[in-house]
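The structure appears below as structure tokens.
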Amino acid sequence: MIAAYRTRSNSSKEQGFAACTPSSPPHVLLVGAWPELVHQFVGRPARFSLLQLPGVAGAAESALAYRCVLFAQETHLPVVVKPAVGSGSKGVSAVYEIRRPGRRLPAAKRTTGQPHFVETGHILPADIDTATAKQLSAEALRALDAIGHHDGPCHVELILAQDGPAIVEINRRVSGDRIWELTMLALDRNVMAETLRHVLGAVRTVNPTRPGRAAAIRYLVPRRPVRWSASPDGTDVLAGIPGVVRSVVTAERQAAAIAATSSSTGRLGYVISVADTPAEAVEAADTGHDALAAGLFVEAYPTPESETAPLWY
């Protein structure tokens with residue numbers, strides 16, 4: 001999967017601008033003023049119709065950023081981006097390069113496999129080679145281009161098949177399953193805050209990502225029914241495990257047995273870790289998971305055969 005916050009222009013000012021090239025006569029892109037709030041025009045036709053209205057008071061940042069990119073591609077670089085209102089050269093910028101500075105980071109998913117494919121964990125970034133990561137990112141961007149999503153949060157899931165990556169789903173939202181928290185731990189990027197600023201039309205300041213870190217999450221997913229231990233102990237079992245950030249137990253205390261998990265809503269909790277490498281983050285999450293599971297739960301209906309079979313995915 002690709003957890004990302006995507007933006008399409010490297011200009012520092014993009015809202016309410018007229019764009020022109022240094023050639024004569026100038027090519028005017030937009031007449032408008034700085035918006036107070038972002039206009040809720042999501043579809044591309046609606047965005048373009050808004051941009052073409054005379055005297056419009058403002059426009060969505062995502063539409064303007066994409067429009068600037070199209071304008072530069074239709075003419076040539078460099079492009080001068082100039083506010084349509086105001087004076088004193090305030091906010092005038094020269095754009096010499098169009099690039100995609102949004103962070104595109106493949107994360108690996110672990111599941112129970114057939115028949116339910118319940119997620120048992122995630123690793124960010126995925127422990128794959130650079131060439132494969134670039135291939136996955138390129139396919140994710142191609143999918144986003146196909147649906148016209150050019151600015152804002154996105155979550156794309158892919159399967160790396162023998163003949164290359166295959167798209168599973170495309171989501172115009174922040175990644176779920178606490179992948180957004182793994183992004184904070186590994187990259188120091190708060191995609192939740194960035195998304196809120198984007199929705200409110202506020203200026204987004206994205207700090208450079210912090211390289212060389214990795215984060216992992218491991219969910220408590222039982223293969224067979226379990227029950228709470230007679231003397232559950234989950235308070236200090238994780239204290240001495242390097243890299244473990246925290247744990248959460250979502251299962252309610254009950255005397256009855258807890259069924260084997262067949263969906264993500266049946267997971268009993270999770271452990272989150274952070275480390276310098278994906279392998280170290282996974283090791284910390286796995287160690288914390290095993291300690292927490294052993295301290296809180298026992299098999300509900302043990303048999304001689306189950307004594308040697310793994311109880312947890």
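The values are calculated or read from the model by the stated rules, or taken from the named source; none is laboratory data. As the structure is a computational prediction, the values presented were derived from the model and not from experiment. In this analysis, Cβ positions are derived from the backbone assuming ideal geometry, glycine residues included, and neighbour counts consider all displayed protein chains.
Assorted remarks:
- Yes/no for Ala251 being assigned to a helix (DSSP H, G or I) and at negative phi: no
- Ile167 surrounded by 13 or more Cβ atoms within 10 Å (Cβ to Cβ), of a type in the set (A, V, I, L, M, F, W, C), in contact with a helix residue (DSSP H, G or I) (Cβ under 9 Å, 6 or more places away or on another chain) and modelled with pLDDT of 90 or more: yes
- For region 138-178, residues that are in contact (Cβ under 8 Å) with a residue 40 or more places away in the chain, of a type in the set (Asp, Glu) and within 15 Å of Leu105 (Cα to Cα) total 1.
- Enumeration of residues in region 256-311 that are more than 15 Å from Ile123 (Cα to Cα), surrounded by fewer than 21 Cβ atoms within 10 Å (Cβ to Cβ) and within 28 Å of the chain's Cα centre (by Cα): Ser262, Ser263, Ser264, Thr265, Gly266, Arg267, Gly269, Asp290
- Yes/no for Val244 being touching a helix residue (DSSP H, G or I) at 6+ places or on another chain (Cβ under 6 Å) and of a type in the set (Val, Ile, Thr): yes
- The one condition in (1) closer than 16 Å to Leu105 by Cα; (2) part of a strand (DSSP E or B); (3) more than 14 Å from the chain's Cα centre (by Cα) that Gln135 fails to fulfil: (2)
- Every pair of residues 6+ apart whose Cβ atoms lie under 9 Å, when the first sits in region 257-276 and is without any contact (Cβ under 8 Å) to a residue 24 or more places away in the chain and under 14 Å from Leu220 (Cβ atoms) while the second is surrounded by 21 or more Cβ atoms within 10 Å (Cβ to Cβ) and among the hydroxyl-bearing types (Ser, Thr, Tyr): none
- Criterion (surrounded by fewer than 21 Cβ atoms within 10 Å (Cβ to Cβ) and either under 28 Å from Val248 (Cβ atoms) or at pLDDT below 85 (or both)) met by exactly one of Val206, Val156: Val206
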